[in-house]
Amino acid sequence: MGPLARGVAVDVTDEEQVRALVADTERRHGRIDVFCANAGVSTGGGVEVDDTGWERSWRVNVLAHVYAARAVLPAMLARGSGYLLHTCSAAGVLTAVGDAAYTTTKHAAVGFAEWLSVTYRDRGIRVSALCPQGVDTPMLADGLAAGHLGARVIASSGAVLSPDAVAAAAVAGMAEERFLILPHPEVADYARRRAEDPDGWQSGLRKLVRRLTTP
Ligand SMILES: NC(=O)c1ccc[n+]([C@@H]2O[C@H](COP(=O)([O-])OP(=O)(O)OC[C@H]3O[C@@H](n4cnc5c(N)ncnc54)[C@H](O)[C@@H]3O)[C@@H](O)[C@H]2O)c1
């Protein structure tokens, strides 16, 4: 048996590097069954975040998923099977309070994943959008250390899951070929409430922010 895992450093915002990784993996292993696009960045902040922050968010949170799909789809479509797992976020179906670029780009990531699923499902390509809320990783820890409002809201509004728990939810969701994988089940309820009553939902969020920011 060959090695179970191999690490390769790749900048996912560089299309050539993504193409080379996919080509090399196909050459070594014959085919790619599942591609997980997991890298993500959060800047914190609102409209004042400079263009560099917005562009980095766009490139890592969205364009990297486009590069991955471009690279793996030809072989997957040729054999009529393949699975794309895109790590998005609950911010992509709700709002990451205090983080405008994250909210905007994660909504775009969910939109792109849905587009892929609708377009290619009948040709054997399955797509899942993994949308966790709080996960115990450096992203959340760094946000809390920096005092980012978004990180404080996440930490105060439900369970912070371990990466292992999120991975287990992803595997279970993929086994059922579910498009939307929500490791925090309450996010489904939040999304329903937001869809049914956008103004009421926003009013509740504003109340939460006032509670967290009032000394
Ligand atoms: N931590 C959370 O609470 C949370 C919640 C919802 C969704 N997510 C999402 O989960 C995914 C994983 O994030 P995490 O929580 O492990 O955060 P993290 O900051 O610990 O890890 C993000 C990883 O992305 C990598 N990355 C960033 N830019 C890259 C680039 N250009 N090329 C290659 N790799 C790059 C970083 O090196 C890092 O290893 C992200 O998409 C994130 O948005 C996280």
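The values are calculated or read from the model by the stated rules, or taken from the named source; none is laboratory data. Just so we're clear, the structure is a prediction, and the values are computed from it rather than from any experiment. Don't worry about glycine lacking a Cβ; one is built from the backbone with ideal geometry, like all the others, and counts go over all protein chains shown. Accessible surface is based on the protein model in full, side chains and every heavy atom, while ligands, DNA and RNA are left aside. Shrake-Rupley method; radii C 1.70, N 1.55, O 1.52, S 1.80 Å.
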Residue-averaged [θ]222 nm for the chain, counting only DSSP H segments that reach four residues, each worth -39500 (n - 2.57): -17000 deg cm²/dmol
Extension reserve of the residue 207-residue 34 stretch, reckoned as 0.36 nm per residue once the Cα distance is removed: 58.2 nm
Rounded accessible area per residue of the chain, 1.4 Å, Å²: 54 Å²
Rounded percent of accessible protein surface that carbon and sulfur make up, the range 16-213, 1.4 Å probe: 54 percent
Added length on full extension, which subtracts the Cα-Cα distance from 0.36 nm per residue, residue 165 to residue 5: 55.6 nm
Alpha-carbon centroid distance for the pair the range 72-142 / the range 1-34, whole angstrom: 19 Å
Cα shape, the range 118-207, gyration tensor, a/c 1.5 rule: oblate
Mean Cβ count within 10 Å, highest first, over the residues of peptides 54-65, 115-126: 54-65, 115-126
Under the span-like rule (Cα at least 24 Å along the axis, Kyte-Doolittle mean at least 0.0), DSSP H helices of the chain: 100-120
Electrostatic dipole magnitude of the chain [Cβ: Lys, Arg +1; Asp, Glu -1; Cα centre; debye, to 20]: 340 debye
Förster-model FRET efficiency, 35 Å R0, residue 14 and residue 186, C-beta, rounded to 0.05: 0.45
Segment residue 48-residue 178, length gained on full extension (0.36 nm per residue, minus Cα span): 43.1 nm
Environment charge of residue 188, counting only residues whose C-beta is closer than 12 Å and scoring Lys/Arg +1, Asp/Glu -1: +2
